Structures are given as C-alpha cells and as structure tokens.
Protein chains: 2
Amino acid sequence: MQRYFVETEHWQGQAVTIDGEDVHHISRVMRMEPGSEVVCIHPVEGAALCRIEEIKEKTVDCEVLEWMDEDRELPVEVTIVQSLGKGDKLEQVVQKGTELGASRFIPFAADRSVAKWDLKKVKKKVERLQKIAKEASEQSERTRIPEVSSLYQLQDLLKEESFTWCFFGHAEEARDAVSPSLKSRLTSIEPGDKVLIVFGPEGGFSEKEVEAFKDSGYLPVRLGPRILRMETAPLYFLSSLSYQVEEE
Amino acid sequence: MQRYFVETEHWQGQAVTIDGEDVHHISRVMRMEPGSEVVCIHPVEGAALCRIEEIKEKTVDCEVLEWMDEDRELPVEVTIVQSLGKGDKLEQVVQKGTELGASRFIPFAADRSVAKWDLKKVKKKVERLQKIAKEASEQSERTRIPEVSSLYQLQDLLKEESFTWCFFGHAEEARDAVSPSLKSRLTSIEPGDKVLIVFGPEGGFSEKEVEAFKDSGYLPVRLGPRILRMETAPLYFLSSLSYQVEEE
C-alpha cells in the first residue's frame, strides 16, 4: 500500500490532510479516488491506515481507519558522517543507508575528498539528498525520515555532542588487524544508544583528521577482512549493527 | 600496492609473467619501471609480493620476492542468484557483493523481472559483469575472483546441486514475521559450507517460483525488519554472514 509522510500539524483528531507533491502522486500517478486506502505516517505516532475522503487541487483529505502496529526503526540512533566522494556515492549511501535504518546523514568535506562542493550549491545538494532519504523511507516502510545535515568541516564535526559512541572507520583499519574488531564494538552498543561513525574518502583520512578524532575520543573500527569502497563501508556497518541488535 | 591476478600457467618457479590489459596498466597508467614492486595473485596459492624485472610490449616479467600471508576470503562459499532488474542494479550487486566476499553470481530471468536481456547480448553482458568482479576483487584485495555465470532460467537454477544450503529471500518475507529470521539461518552455517541464495526482482517472485523453490528444498529467509530494495538485500545478507562467521 502507498505510504505518505504527513507533518504533525496536518493531523486533527481522525482527519489527516496530505499536501505538496504527494497530492499529484495520489491523483495523477496512482490515479486514486475517494474511498482508496493509503498509509499516512505521523512523525511521532507512527503509521495509520487511512481512507481518502476527498481529492482537491492542492490537498487530499483522509480519515484514520486504524493505527498500525509497526516496528521497523533500528533501536539505535545512527548518524553516518560520510566524506564527499566521486560520482553518486553520497546518494547511494543516503538511499541504501536509509533502507538499513540510519537516523541522520552528515556530508563531510574531508581533507582528501577529491570531490568538492561549490558552497553556493550546498543547499540544493542537501535538499536533493533529503528527498532521496524521504523516498527511501517510504519505499522501505520506515516511520521516520532520516535528517540530512548541511556540509560539515572537521571543526563542525568535533562540536557535535551527546553521542554514546563515536567511531571512525577507514580502509587502513581493515589492514591493521590490531584495531578492535567491529564485533567487539557492536556488542557494547545497547538499544537507545546514539552512535556516530565517520567514513573516510577514497584516499582515507589525513593524519590530522585521525589525530583530531582520537583526541576527541573517537574509537577506530575495523570493517571486516576485505577492503571496502567508501560507499560500501557504511552499508556493512549498518547491516552488521542491524544483525547484532535486531535479529533474534 | 597494485595487485594483479595472474593465471596458473603464467607461474614458473619464481618467475611470473603478466599479460593482457594489465601490461598497459603497469607501463602506461602506473608508469612503473623495472625494480617496482607489485602483488601478483595466484588462483590457488594466493598473493605474492613480486619485483618487476622487465617490461616488454605485451608482457611484464616479474620475480616472486615472498609469499604473503593474507586471509581475506569469506570461509563460506556464497552464490548470489540475482533477478534481472532495472538500470545498473546487477552491476552494483556484482561490484559490492564481490567486496563483501561472494564466490559466484548467477543472473536470473525471474518471471516478474521487468528488465529483459536480449539473448544475443547475454555473452557481452556476462563479460562486462565478469570484468566488474575482477576489478572489485583487486580493489578489495581478495585472492579470488568470483565467477559470473550465464543467464539462468528457473529450470537451469533448479538443476544446480551440491549446495549445503539453498535460500530465497524477497520483500514479502520482511513483512511476514512468521518466516525464520536471518540469524536463525546464519547460525546454522559452518565454515566450508556452500550457500546459494536467490533474490527476487522489484515485483517479488511469482507464485510458481515460490512453489518451485519450496519443492526443491529452498528455505525462505527474512532480511531484517525493513523492506530492502532488490540490490540492497544481497549486501545485507553478505554483510550479516561476514559478521556472523568472520567477526570475533
């Protein structure tokens, strides 16, 4: 069934009002009519099965039929800090990382990031990534859309607080069997924890970055025995975390 | 250090001869000279640190300096049977699945695959996927290149034998909490086992396919609580398997 995220202010008792691009999707793309059923997602309350009452030009009025008992959210809040990379790597990480349960993405201008963002285009690029996160949330039937932050420099990142665990992983860590394994890190994580993890660019982190991470209490993490591409590493991390905390 | 796969017949005692496209890569792209060191991968014996002795027009002669003690291969042989999908999904699965340790890929013409392969182009498409697997093996520092099989129909697949475990996973399985969890499946797998897993296309498997799988003893597998895209599901499976059998 089609799923739409609806902001808190558009819920009043049993009435739900859908607006924006989703109206076009309902009326033109899906060609739905009054009486059709959709799932509306409330940012806090979760998913509700709804019936369409009226399709207007700019809004669709729905009524809640019943609240659904869904639990699809990863019980650990994960913020993926992803260094800028070539091509569509960041888009891939946001799309697939959303499917795998991430809570937030921070694009990071690493010292060795070959790709640079024109500062005038940051807003547009973040909006595009946010849209990818929304679509991936709908597709994977999540009840929460991950937030995409603006472009961070190292000093912005080090100001971030209130995480239970901060990790950094990069290619060199896979070669360095002395670093603690991923499993030893993940088995320490409890439901409700807030985890931040930084992934390096194609060329890895600079020495300055590694020193800054270590000084700020970030823990290095090895990501399995093989060398993973920068866009594959976060997917391995999220999958393993899901396997560790969600699988029984 | 640069890594090159060298076929068995090109090893004689301490002498290794590199040929084909790698010669251009060594002489023109990397601009290496006699005395430079490279890693040559023997299909059975693994990785050897080698010194370039002579760069000729069509071959590069090397000498083995020492055999390297590398263990990057997933201790379980995994065959990923991937239904044809839109765009570059199959390429993504082969590239990232190779990084994550798969042994073999089988492109599968599922009943509901929207994408179809022109039968005249199958050979070329498989060659392209095989090249992606080779490059991803080099990049992830594996000692083995996964094999890419030709396009399979359902009856070809059901003829495949000699697997310890055959699984099938698709979107519906995530919704159906009654299916056994991934963890309950993966904890049964032992090092040395041969595992085959089939992933469905965007629209899922047909009833006929599901029946055929069940009749042939394939076990359904649930892939975590969220609905994963067809190209994300195999990455979740391989990551979780690696985490289960490789992480300590």
Inset, instruction - Starting from the Cα of A:Glu127, step 7 Å toward the Cβ, then list every residue of segment A:4-44 with an amide N under 16 Å from that point. - result: A:20-22
Inset, instruction - Please report, in debye to the nearest 20, how large the charge dipole of segment B:3-67 is about its Cα centre when each Lys and Arg carries +1 at its beta carbon and each Asp and Glu carries -1 there. - result: 240 debye
Legend entry - Mean separation of Cα contacts under 8 Å, 6 or more apart, over the residue count of chain B: relative contact order %: 20 percent
Legend entry - Percent of beta bridges antiparallel (DSSP, the protein assembly as shown, rounded to nearest 5): 45 percent
Legend entry - Unit charges at the beta carbon, dipole of segment A:3-67: most positive-side option, A:Val29, A:Val6, A:Ala48: A:Val29
Inset, instruction - Return the lysines within reach of B:Lys124: Cα separation strictly under 23 angstrom, same-chain partners fewer than 8 residues apart disregarded; answer none if there are no such residues. - result: B:Lys86, B:Lys89, B:Lys96, B:Lys116, B:Lys134
Inset, instruction - Calculate the length of the line joining the C-alpha centroid of segment A:98-139 to that of segment A:6-60, in whole Å. - result: 27 Å
Legend entry - Per DSSP, loop GluC sites (Glu not before Pro) in segment B:5-65 with at most 16 further Cβ within 10 Å: B:Glu7, B:Glu45, B:Glu57
Legend entry - Most positive-pole-ward Cα, B:Gln153, B:Ala212, B:Ser184, against dipole of segment B:133-248 from beta carbon charges: B:Ser184
Legend entry - Spatially proximal aspartates and glutamates relative to A:Lys214 (Cα-Cα < 18 Å; intrachain offsets below 8 disregarded): A:Asp111, A:Asp156, A:Glu160, A:Glu161, A:Glu172, A:Glu173, A:Asp176
Inset, instruction - Excluding A:Leu84 itself, calculate the net charge of residues whose Cβ lies under 13 Å from the Cβ of A:Leu84, where each Lys or Arg counts +1 and each Asp or Glu counts -1. - result: 0
Legend entry - segment B:1-140 - charge dipole about Cα centre, Lys and Arg +1 at Cβ, Asp and Glu -1, debye rounded to 20: 1340 debye
Legend entry - Antiparallel DSSP beta bridges within chain B, as percent of all bridges there, nearest 5: 45 percent
Legend entry - Overall dimensions of the protein assembly as shown by Cα: Rg and Dmax, Å: 24.3, 80
Inset, instruction - Indicate, rounded to the nearest 5 percent, the antiparallel portion of the DSSP beta bridges found entirely in segment B:3-67. - result: 85 percent
Inset, instruction - As a check on your grasp of the helix formula, calculate [θ] at 222 nm for the protein assembly as shown: sum -39500 (n - 2.57) over DSSP H runs of n ≥ 4, divide by the residue count, round to the nearest 500. - result: -8000 deg cm²/dmol
Legend entry - Inter-probe distance in nm under a simple model that places probes 7 Å from Cα toward Cβ, at A:Gln2 and B:Glu63: 7.2 nm
Legend entry - Length-normalised contact order for segment A:3-67 - Cα pairs under 8 Å, 6+ apart - percent: 36 percent
Inset, instruction - With only Lys, Arg, Asp and Glu charged, each at its Cβ (+1 for the first two, -1 for the last two), find how big the charge dipole of the protein assembly as shown is about the Cα centre; round to the nearest 20 debye. - result: 1420 debye
Inset, instruction - With a ≥ b ≥ c taken as the square roots of the eigenvalues of the C-alpha gyration tensor of segment A:113-215, please select rounded if a/c is under 1.5 and otherwise prolate if a/b is larger than b/c or oblate if it is not? - result: oblate
Inset, instruction - Starting with the fewest neighbours, write out B:Cys50, A:Cys62, B:Cys166 ranked by other beta-carbon atoms found within 10 Å of each beta-carbon. - result: B:Cys166, B:Cys50, A:Cys62
Inset, instruction - May I ask you to derive the FRET efficiency for B:Lys120 and B:Lys159 from their Cβ-Cβ distance with R0 = 30 Å, giving the value to the nearest 0.05? - result: 0.80
Inset, instruction - Within segment B:1-90, list the trypsin sites (Lys or Arg not before Pro) lying in a DSSP loop whose Cβ has at most 16 other Cβ atoms in a 10 Å radius. - result: B:Arg31, B:Lys56, B:Lys58, B:Lys86
Legend entry - Calculated FRET value between B:Glu33 and B:Ser150, using beta carbons and R₀ = 30 Å, to 0.05: 0.15
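Since every read-out is calculated from the coordinates, none of them should be taken as a lab result. Quick caveat: nothing in here was measured; it's all calculated off a predicted structure. Note that we place each Cβ from the backbone using ideal geometry, even for glycine, and neighbour counts take in every protein chain shown.
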